[in-house]
1. Taking 0.36 nm per residue of sequence separation and subtracting the Cα-Cα distance, how much length would be gained by fully extending the chain between residue 248 and residue 178, in nm to one decimal?
2. Percent relative contact order of the chain, based on C-alpha pairs within less than 8 angstrom and at least six residues apart?
3. Work out, step by step, the length gained on full extension between residue 112 and residue 29: first 0.36 nm times the residue separation, then minus their alpha carbon distance; give nm to one decimal.
4. Would you calculate the convex hull of the Cα atoms in the range 1-67 and tell me its volume per residue in Å³?
5. Using a Gaussian network model on the chain with a 10 Å cutoff between Cα atoms, which of 20, 153, 174 fluctuates the most?
6. Using 0.36 nm times the number of residues separating residue 149 and residue 53, minus their current alpha carbon distance, what extension gain do you get?
7. Arranged by the count of other C-beta atoms within 10 angstrom, fewest first, what order do 200, 114, 9 take?
8. P(r) of the chain in 10 Å steps, Cα pairs, percent per bin?
């Protein structure tokens with residue numbers, strides 16, 4: 001996965017989106033939309049381990065790398081996502097360097113980790129570091145931000161993904177999609193740590209204006225929207241236009 005790693009580090013910045021629906025057709029459509037990677041969300045989205053394989057197959061058929069956000073820091077879930085063909089995993093709620101070390105160990109074969117050999121899909125094999133799945137951990141708590149430098153220095157880690165809403169909550173702000181200045185400053189801190197350690201700096205954006213602010217602070221892989229969000233927005237815009245026509249008739 002060396003080529004994908006470099007693409008997500010940039011420059012230029014790379015862009016991804018989220019798969020919230022548990023539907024292979026939706027996965028294929030999103031995979032053909034032009035994003036650099038699609039994240040299958042098994043933490044908050046509709047996909048589960050039981051339904052993950054066809055989503056990964058659809059994204060492979062579309063030619064877009066699939067990252068999987070696992071539900072928790074669970075080595076078994078991390079190994080399973082990799083075995084089923086994920087190009088990388090995103091691990092939530094990593095609060096310390098020790099947590100990050102556990103995540104990395106789960107995705108790497110011995111002697112670098114504890115992953116058991118048994119890939120379901122043959123092209124994901126232990127043959128060389130370039131074929132390893134990526135390991136990206138989330139920075140979304142005040143504890144993680146406090147231990148940022150130690151987390152970024154964990155050997156074998158590929159990147160950090162900022163969870164802006166949860167990070168804001170952990171910093172004492174109210175639930176909102178508006179990013180306070182302190183959270184944007186934290187984005188800059190994470191980006192600087194990623195540059196020092198040669199890591200992917202990923203984050204979640206909430207519209208073009210917010211995306212511009214985060215890119216200016218050094219984010220190299222920015223995710224935007226999801227299949228369910230895009231579908232809802234398009235449907236709402238379509239029915240609004242039709243209602244307007246009816247009112248004018």
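Taken together, the values in this text are just the output of simple stated rules run on the coordinates, not laboratory data. Every value quoted in this text rests on a predicted model; they were computed, and no experiment measured them. With ideal geometry, Cβ positions are generated from the backbone for all residues, glycine too; neighbour counts draw on all protein chains shown.
1. That works out to 21.6 nm of additional length.
2. Result for the chain is 19 percent.
3. 26.2 nm
4. In the range 1-67, the Cα convex hull volume per residue is 81 Å³.
5. Sorting by GNM fluctuation, first place goes to 174.
6. Full extension of this stretch gives 31.1 nm more.
7. By the 10 Å Cβ count, ascending, the order reads 114, 9, 200.
8. Calculated over all Cα pairs of the chain, the distribution is 8, 32, 36, 17, 5, 2, 0, 0 percent.
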